[in-house]
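Below is one structure, written out as C-alpha cells, with a few remarks after it.
The numbers here are math on the coordinates, done by the rules we state, and not lab data. Remember, predicted model here, so these are calculated numbers, not experimental data. Ideal geometry is used to build each Cβ from the backbone, glycine not excepted, and the neighbour counts take in all protein chains shown.
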Amino acid sequence: MTDIITSCDNYILRLQINRSQKKNALTPAMYDALREGIEGADASDDIRVIFITGSGDSFSAGNDLNSFLSDPGSAAPANFIKAIATAETPIVAAVNGVAVGVGATMLLHCDLVYAAAGAIFRLPFIDLGLVPEAGSTYLLPRMAGYGRAAELLLLGEAFSAAKARDCGIVNEVVAADELDDLAWSKAGQLAAKPPEALRGTKMLLRRGSAQAVRETIDAELEIIAERLVSDEVRGIMESFFAGRGK
C-alpha cells in the first residue's frame, strides 16, 4: 500500500509511514501493513533489522480519529501494538517530526530511537477521554521515573526531542538533515552483527519485563474498549469534529 512504503536493503527492512497530508495518522490498513512487516521480518532469515520512519514533517500523529471512531472495534491497532511489543528483530526508529499518541508510544518498543531536533512529542490520551496504550503506563515510569512519566501522561502536554531524550525515549537528537543518515547507519551497524546473537541479546534485555508489558497492554486495551463507548469520549469527539467544521 502507498501509505506504508516497504523496502529491503542490506538485511534492513525499511517501513516508511507515508500519509503526510494527514500527518501520517494511522488507519487500520496502515496498522496491518506495519504489523505484517514486523511479523514478516521475524520470520525471515534475510532481515536482521527493522527501520521505521515517517514522511513530510511528521513521524505519526497517532490514530486517524475518523477511522478510529467509525470502526472502534477494529483489532488492527491492538494487533500492531502486540507485534511491535514482542518483535524479535531489533527495531531502529528515525523520528523526523511530530510523534503523537501511538506515534510516540510505539517508540517505547524500539531498541534505538533517533530524533530530529525539531520533533515534537505528545501523549494526549486523557484529553481524548481515553487511557494510554502500548504498555506505556508500565514502560514510561521505568524509563523516565514516575514523576516525569506522570507529567507526560497526566498533563498530556507537548514536549521536545531534548526532553524525550532526557526521559529515555530517544537515544540521540540530531539536526533534521542528518537524521536519516545517522539512524540508517546505526541500523547498518546492527545488521552487520551476528544475527542470532543480536536477537538473543534483545530477548535477554526484555526478558524481565516481557510478561508485565503483555499484561499491561491487555489491561490498557480493556479499559480503552470501555472508554470508547462512554458518553465522555463521545462528547469529546463530537466537540473535536465540530470544532474542525465536520
remark   = the chain, Gaussian network, Cα under 10 Å: of 60, 160, 209, the residue fluctuating most is 209
Proximal lysines to residue 82, defined as alpha-carbon separation beneath 17 angstrom and excluding residues fewer than eight positions away on the same chain = 202
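Suppose R0 equals 45 Å; then what is the FRET efficiency for residue 126 and residue 7 from their Cβ-Cβ distance, rounded to the nearest 0.05? Before the final figure, lay out each step's value.
On the way: r = 37 Å, r/R0 = 0.83.
Efficiency, rounded to the nearest 0.05: 0.75.
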task = About the Cα centre of the chain, how large is the charge dipole given +1 on each Lys and Arg Cβ and -1 on each Asp and Glu Cβ? Please answer in debye to the nearest 20.
result = 320
ask   = Which whole-angstrom value gives the distance between the alpha carbon centres of the stretch 88-154 and the stretch 175-246?
value = 7
inquiry  = Need the full-extension length gain, residue 230 to residue 175, defined as separation in residues times 0.36 nm minus the C-alpha distance. One decimal, nm.
reply    = 15.5 nm
task = Identify which of 35, 214, 234 has the largest mean-square fluctuation in a Gaussian network model of the chain, with springs joining Cα atoms closer than 10 Å.
result = 234
note = Counting only residues 5 or more apart in sequence or on a different chain, those whose built amide H sits under 5 Å from that of residue 8 are 14
request  = Round to the nearest 0.05 the FRET efficiency obtained for residue 117 and residue 150 when R0 = 22 Å and r is the Cβ-Cβ distance.
outcome  = 0.25
ask   = Under a plain spin-label model, where a point goes 7 Å from the Cα along Cα-to-Cβ, how far apart in nm are residue 157 and residue 192?
value = 4.3
task = Give, in nm to one decimal, the length gained when the segment between residue 75 and residue 218 is fully stretched (0.36 nm per residue of separation minus the Cα-Cα distance).
result = 50.2 nm
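Only bridges whose two residues both fall in the chain count here: according to DSSP, what percent of them are antiparallel, nearest 5? Write out the running numbers ahead of the final one.
Working: 9 of 30 bridges.
The answer is about 30 percent antiparallel.
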remark   = Calculating Rg/Rh (Cα atoms, Kirkwood Rh) from this structure picks out, from [x] 0.93; [y] 0.95; [z] 1.02, entry [y]
inquiry  = If I build a Gaussian network model for the chain, linking alpha-carbon pairs within less than 10 angstrom, which residue out of 42, 71, 218 has the largest mean-square fluctuation?
reply    = 71
inquiry  = Cross-link candidates for residue 163: which aspartates and glutamates have Cα within less than 16 Å, leaving aside residues fewer than 8 places away along the same chain?
reply    = 151, 172
0 to 90° range, to nearest 10: angle between helix 76-85 axis and the chain longest Cα axis = 40
key: Gain in span if fully extended, residue 210 to residue 238, counting 0.36 nm per residue against the direct Cα distance   = 6.4 nm
Whole-Hz ³J(HN,Hα) from phi, Karplus 6.51 cos²θ - 1.76 cosθ + 1.60, for the stretch 220-236, glycine and proline x = 4, 4, 5, 5, 4, 4, 5, 5, 4, 9, 7, 5, 4, 5, 4, x, 5
